[in-house]
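One structure is given below, encoded as structure tokens.
The values are calculated or read from the model by the stated rules, or taken from the named source; none is laboratory data. What you see is a predicted model, and the numbers here were worked out from it, not measured in a lab. Glycine also receives a Cβ, built like all others from the backbone with ideal geometry; neighbour counts cover every protein chain displayed. Just so you know, the surface numbers come from the protein's heavy atoms only, side chains and all, with ligands and any DNA or RNA stripped out. Shrake-Rupley method; radii C 1.70, N 1.55, O 1.52, S 1.80 Å.
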Amino acid sequence: MMVVNTIGHLSEVAWHHPDLAVSYAFVEVKLMNHSKKGITDLDFELAKKIDEVVLWFPDKQNSNLEGTPKDPRFAYIKYEK
């Protein structure tokens, strides 16, 4: 739900609203500009911002923040290695 709420916040601030499919193990985000009947730069820009925020992991950026423990019991996002 934290991921869904984050996407909701970013979308509202951008005033560009995706369709979401939410399951216990994944969130699917579908972006398109309905008035243009296709994908536009707005969609790519919002997708980039969603990726940037949701996939942020402080441990990979020389941050003082340690991030969630490496133990998979505490992880709720699967990060690419």
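Observations on the structure shown:
- Of the listed requirements (1) in contact (Cβ under 8 Å) with a residue 24 or more places away in the chain; (2) on the phi > 0 side of the Ramachandran plot; (3) not small (Gly, Ala, Ser), residue 18 misses just one: (2).
- For region 16-38, the criterion of a residue being part of a helix (DSSP H, G or I) and open to solvent by less than 70 Å² (accessible area, probe 1.4 Å) is satisfied by no position.
- Region 39-74 - residue that is of a type in the set (A, V, I, L, M, F, W, C), in a loop (DSSP other than H, G, I, E, B) and open to solvent by 50 Å² or more (accessible area, probe 1.4 Å) and, of those, modelled with the highest pLDDT: 39
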